[in-house]
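The values are calculated or read from the model by the stated rules, or taken from the named source; none is laboratory data. All of these numbers come straight from a predicted model, not from anything done at the bench. All Cβ positions, even for glycine, are placed from backbone atoms using ideal geometry, and neighbour counts span all protein chains on display.
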Amino acid sequence: MALGDPANRPDWVTFEGSDPDRLAATLTSWTSNVVVRPLSRERISYKCAWANAGIVSIGSTHFDGQILFESEGAGGQLVLIVPRRGGVDLRMGRQAFCTSPGRGAVIEGNQRIAARSLSSREHMFVAIDQAALYRRLCDVVEMPASGALEFSPEIDLLSGPGTAIASIAATLRAGLDGEAPLRRSPLALTNLSEALIQVILDTLPHRFSEKMRRAASPVPRHVKKAVEFMMANLSKPITLVEVAAVCGVSSRTLQQGFRQFKMTTPMSYLQDLRLKALREELTQARPGQSIADIAFKWGFTHMGRLATDYRNRFGELPSQTLRSC
């Protein structure tokens with residue numbers, strides 16, 4: 001079962017006790033569907049706090065006793081587990097390993113998860129809205145992206161990027177505690193949340209890492225000129241041949257340039273620019289403006305196909321963007 005809308009969660013909640021069913025119900029409301037099973041007759045106890053920052057939610061947890069946690073996966077989130085004390089035996093699909101204060105975990109998708117804790121432990125959860133991750137990724141590679149990001153399930157927290165990720169997460173956690181300062185500074189909160197997303201995408205290996213690296217490479221002049229021409233003529237019915245002629249190259253050369261430096265075709269790139277323009281106008285739509293009228297302006301005539309492409313690109317339907325304004 002996937003998460004509810006983060007916007008509907010409370011900004012801050014704390015809970016403690018010894019009832020495994022209550023713990024499971026509370027965790028489910030913040031993560032995905034969770035089952036909690038005591039592994040012995042000894043009493044379990046827990047003390048947890050969760051903070052909601054919109055695209056990022058952070059939890060601090062303390063558990064005592066022998067407990068098995070089972071989950072259907074991360075749902076629509078990327079979840080990082082940052083142990084502070086103790087560890088768990090973690091199984092994700094066919095992979096199994098132990099977390100510790102120097103060794104965290106990355107959970108994504110809907111693969112079944114089992115975590116067994118046999119002693120006292122403390123850790124921090126960081127849950128990031130996967131749609132926000134994809135929006136940032138698409139902005140960087142300048143093309144639509146979908147499917148699992150395929151992060152490695154383990155993260156080294158003692159060296160390299162893991163230390164930076166843990167540090168940013170800890171700053172967010174401290175700043176969101178009750179009435180802490182970040183609650184009164186939305187801009188700083190947004191910047192920290194986006195910085196965490198950027199560091200994760202930049203430094204943790206995933207399926208799109210090579211495309212991000214290539215997107216940062218210098219772009220040939222004819223590809224830059226093509227992008228400039230597209231931007232200046234977004235609402236006009238331009239063709240590949242026309243774009244190539246403006247750039248002074250053949251259609252084939254233009255195709256090769258875009259595939260090498262933009263990881264897509266010129267016309268797919270143009271389509272993505274138009275989707276961005278459509279989204280921008282939907283966020284500023286006047287009362288009474290229809291999606292069809294705005295879409296037609298940007299060259300979209302098939303509403304069913306547009307809805308699919310738009311949702312793949314932005315994680316929501318055009319109607320949802322319009323309603324949120």
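Points worth noting:
- Residue in region 295-310 that is farther than 27 Å from LEU133 by Cβ, more than 28 Å from the chain's Cα centre (by Cα) and touching a residue at least 12 places away in the same chain (Cβ under 8 Å) present: yes
- Selection over region 239-266 of residues that are closer than 20 Å to SER146 by Cβ and either at pLDDT 95 or above or buried (at least 17 other Cβ atoms within 10 Å of the Cβ) (or both) gives a count of 4.
- Remark: pairs (first residue in region 16-30, surrounded by fewer than 18 Cβ atoms within 10 Å (Cβ to Cβ) and outside any helix (DSSP H, G or I); second residue modelled with pLDDT of 90 or more and charged (D, E, K, R); Cβ separation under 6 Å; 6+ apart in sequence or on different chains) = GLU16/LYS47; SER18/ARG43.
- Answer from MET230, MET212 - the residue that is surrounded by fewer than 18 Cβ atoms within 10 Å (Cβ to Cβ) and closer than 24 Å to ARG136 by Cα: MET212
- Failed condition for CYS48, given (1) farther than 27 Å from LEU157 by Cα; (2) not in a loop (DSSP other than H, G, I, E, B): (1)
- Contact map, region 170-187: residues that are without any contact (Cβ under 8 Å) to a residue 40 or more places away in the chain paired with residues that are crowded, with 16+ Cβ neighbours inside 10 Å and among the charged types (D, E, K, R), Cβ distance under 8 Å, separation 6+ or inter-chain. Pairs shown: GLY175/ARG183.
- One residue stands out in region 311-325 among those that are under 18 Å from ASP129 (Cβ atoms) and either buried (at least 19 other Cβ atoms within 10 Å of the Cβ) or of a type in the set (Ser, Thr, Tyr) (or both): the one that is modelled with the lowest pLDDT, namely SER324.
Yes/no per residue for (1) in contact with a Ser or Thr (Cβ under 9 Å, 6 or more places away or on another chain); (2) assigned by TED's automatic domain parsing to the domain that holds CYS138; (3) farther than 13 Å from ILE128 by Cα:
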position: GLY162; (1), (2), (3): yes, yes, yes
position: ALA166; (1), (2), (3): no, yes, yes
position: GLY175; (1), (2), (3): yes, yes, yes
position: GLY178; (1), (2), (3): yes, yes, yes
position: ALA195; (1), (2), (3): no, yes, no
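- Flag for GLY73 being in contact with a Pro (Cβ under 8 Å, 6 or more places away or on another chain), assigned to a loop (DSSP other than H, G, I, E, B), in contact (Cβ under 8 Å) with a residue 12 or more places away in the chain and more than 30 Å from MET267 (Cα to Cα): no
- Which listed residue is farther than 30 Å from ARG259 by Cα, assigned by TED's automatic domain parsing to the domain that holds GLU70 and buried (at least 16 other Cβ atoms within 10 Å of the Cβ), from VAL141, VAL106: VAL106
- Filtering region 286-310 to residues that are of a type outside the set (Gly, Ala, Ser) and in a loop (DSSP other than H, G, I, E, B) leaves ARG286, PRO287, GLN289, TRP298, PHE300, THR301, HIS302.
- Residue in region 33-53 that is more than 26 Å from GLY17 (Cα to Cα) and either at pLDDT 85 or above or touching a helix residue (DSSP H, G or I) at 6+ places or on another chain (Cβ under 8 Å) (or both) present: no
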